[in-house]
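**Q** Have a look at this one.
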Amino acid sequence: MEDRYSAADNLRGQQKLAFFGIFDGHGGAKAAKFVANNLEKNVLDEVILTEEDSIEEAVKHGYVKTDSAFLKSDLIICF
């Protein structure tokens, strides 16, 4: 199975702030592992920099940042 997960609670010292993710391995084990190891940080970095009413957009930017970083990495297998 190539699925991976990420779970973190008490983010930024706040009990009610958590981040959970389950990542399927359809892009391969390396893709799922990369996202599990990087998405949380990238999303939180974007959320910290944004205003409270723009959280949804910040989360999207965190996803795009993670995707871009994976595409630039040497983990992609080209056929």
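The values are calculated or read from the model by the stated rules, or taken from the named source; none is laboratory data. Computed from a prediction, not measured in an experiment: that's the story for all the values here. Cβ coordinates were reconstructed from backbone atoms using ideal geometry, including for glycine residues, and neighbour counts include every protein chain displayed. Side chains are part of the model used for accessible areas, which takes the heavy atoms of the whole protein and leaves out ligands, DNA and RNA. Shrake-Rupley method; radii C 1.70, N 1.55, O 1.52, S 1.80 Å.
**Q** Output the residue which, of all residues in region 24-57 that are touching a helix residue (DSSP H, G or I) at 6+ places or on another chain (Cβ under 6 Å) and not in a helix (DSSP H, G or I), is modelled with the highest pLDDT.
**A** In this case the residue turns out to be THR50.
**Q** Hey, another quick one. Out of curiosity, is GLY21 in a helix (DSSP H, G or I) and open to solvent by less than 30 Å² (accessible area, probe 1.4 Å)?
**A** No: the conditions fail for GLY21.
**Q** Step by step: first the residues of region 38-75, then only those that are more than 19 Å from ARG12 (Cβ to Cβ) and in contact (Cβ under 8 Å) with a residue 24 or more places away in the chain, then the one that is least open to solvent (accessible area, probe 1.4 Å). Which residue is that?
**A** THR66
**Q** Taking only region 25-37 into account, find how many residues are more than 18 Å from ASP9 (Cβ to Cβ) and open to solvent by 30 Å² or more (accessible area, probe 1.4 Å).
**A** Matching residues across region 25-37 total 7.
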